Amino acid sequence: MLFQGVFYVFLIVGRDYSKPIDYLCSREKRYPMASEKLQGHLAVAAAYAIFGLNIVFCKDIANAEAISPVVLFTLRAIGATALFWIISFFLPKESIDKEDFWKIFLASMVGLFTPQMTFLFAITMASPVDTAVMGTLGPIFTMFFAYFFVKEPITAKKAGGVAISFAGVLFLIFNSVHAGGSSTPLGILLLLANGVSFALYLGVFRPLISKYNVVTFMKWMFLFSLLASLPLSIKGLLTTDYAAIPVLVRWEIGYLIVFATFVAYFLIPYGQKRIRPTLVSLYSYLQPVIAAAISISYGMDRITWQKVVASLLIVGGVLLVNRSRAAK
């Protein structure tokens, strides 16, 4: 039933992928540009809300120790690849320029394979709150890539914001070790790699994403990621005892495949076409709110003054960065 519902939503839109979100934006039809931006904001907000739950579910799956991170990634890639390709068969055919295939492969490695693999390994070494807090560094990484690739100026406010946020990261790392926290330095470093790679994807590949329809682009992205992961996971795929996986964990894996992979990675490029990369990354602030509230309410984590201080430093630095002037 869940798959059918998602399938029909994507099927009925045909070539015009904006219809489901257009319905929510009907009052903006007199203002096309405003409507487009609103659709982008709604899509990205929904995607990061999904990612917020994803953090908690991934931690729960890791705690169950029923499936390895690399096998979980491959299952997500198999599910998303199958769903995107099935949907594409019912939509008008769109071909990819030959010179763009290597670019899509690179985008797949930077935007899917590396972020998801580092995240799935990091979640076994970091608490949900620490994971969510580290996710707020995305806009800072995006600032650096904007400077190198689109010549966005780095002002005093931006530099100060970077310094404040990285002070928060260091404070988080040290207190994860010495204050009895559940995170390890390697877990924090993997989360940093996760943020850098996804920020690079957001900042560099927007022209390529805008060139093709979302389903066309994502079906190739996930196919390349799936092929890259198979050599690492084929043994685990064949030896995992799927019958021993608890029922609740199976539902959580299903959520990861359908929502946190298929739906969220449809919404992210949809939003990227309509709003700037920095605005896309700013919605990562939904993750710590959602993940922290859920994980604390279920007793999976606890609030400490160190986490509060680190969070304030990181978020405060990011806000300072994004209040600085932009390129003309």
Is it true that residue 57 is touching a helix residue (DSSP H, G or I) at 6+ places or on another chain (Cβ under 8 Å), closer than 16 Å to residue 267 by Cβ and either among the aromatic types (Phe, Trp, Tyr) or modelled with pLDDT of 85 or more (or both)?
no
Picking from 209, 257, 234, the residue that is modelled with pLDDT under 90, among the hydrophobic types (A, V, I, L, M, F, W, C) and either in contact with a Cys (Cβ under 6 Å, 6 or more places away or on another chain) or assigned to a helix (DSSP H, G or I) (or both) would be 209
Out of (1) at pLDDT 90 or above; (2) hydroxyl-bearing (Ser, Thr, Tyr); (3) within 29 Å of residue 251 (Cα to Cα), the one residue 8 does not meet is (1)
When every residue in the stretch 236-279 that is farther than 17 Å from residue 79 by Cβ and exposed (fewer than 15 other Cβ atoms within 10 Å of the Cβ) is compared, the one nearest to the chain's Cα centre (by Cα) is 248
_Considering only the stretch 85-105, I want to know if a residue exists there that is buried (at least 20 other Cβ atoms within 10 Å of the Cβ), farther than 24 Å from residue 134 by Cβ and aliphatic (A, V, I, L, M)._
yes
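A quick yes/no check of all residues on (1) under 17 Å from residue 202 (Cα atoms); (2) assigned to a helix (DSSP H, G or I); (3) at pLDDT below 85; (4) not polar (S, T, N, Q):
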| position | (1), (2), (3), (4) |
| --- | --- |
| 44 | yes, yes, no, yes |
| 61 | no, yes, no, yes |
| 76 | no, yes, no, yes |
| 80 | no, yes, no, yes |
| 85 | no, yes, no, yes |
| 114 | yes, yes, no, no |
| 133 | no, yes, yes, yes |
| 137 | yes, yes, yes, yes |
| 140 | yes, yes, yes, yes |
Restricted to the stretch 263-284 and to residues being of a type in the set (S, T, N, Q) and under 14 Å from residue 204 (Cα atoms), the residue modelled with the highest pLDDT is 272
Looking across the stretch 145-192 at residues that are at pLDDT below 75, among the β-branched types (Val, Ile, Thr) and under 16 Å from residue 311 (Cα atoms), the single one that is nearest to the chain's Cα centre (by Cα) is 169
Picked from the stretch 87-112 (must be in a helix (DSSP H, G or I) and farther than 22 Å from residue 204 by Cβ), the residue farthest from the chain's Cα centre (by Cα) is 89
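The values are calculated or read from the model by the stated rules, or taken from the named source; none is laboratory data. Keep in mind that this is a model prediction, so the values were computed, not measured. Ideal geometry is used to build each Cβ from the backbone, glycine not excepted, and the neighbour counts take in all protein chains shown.
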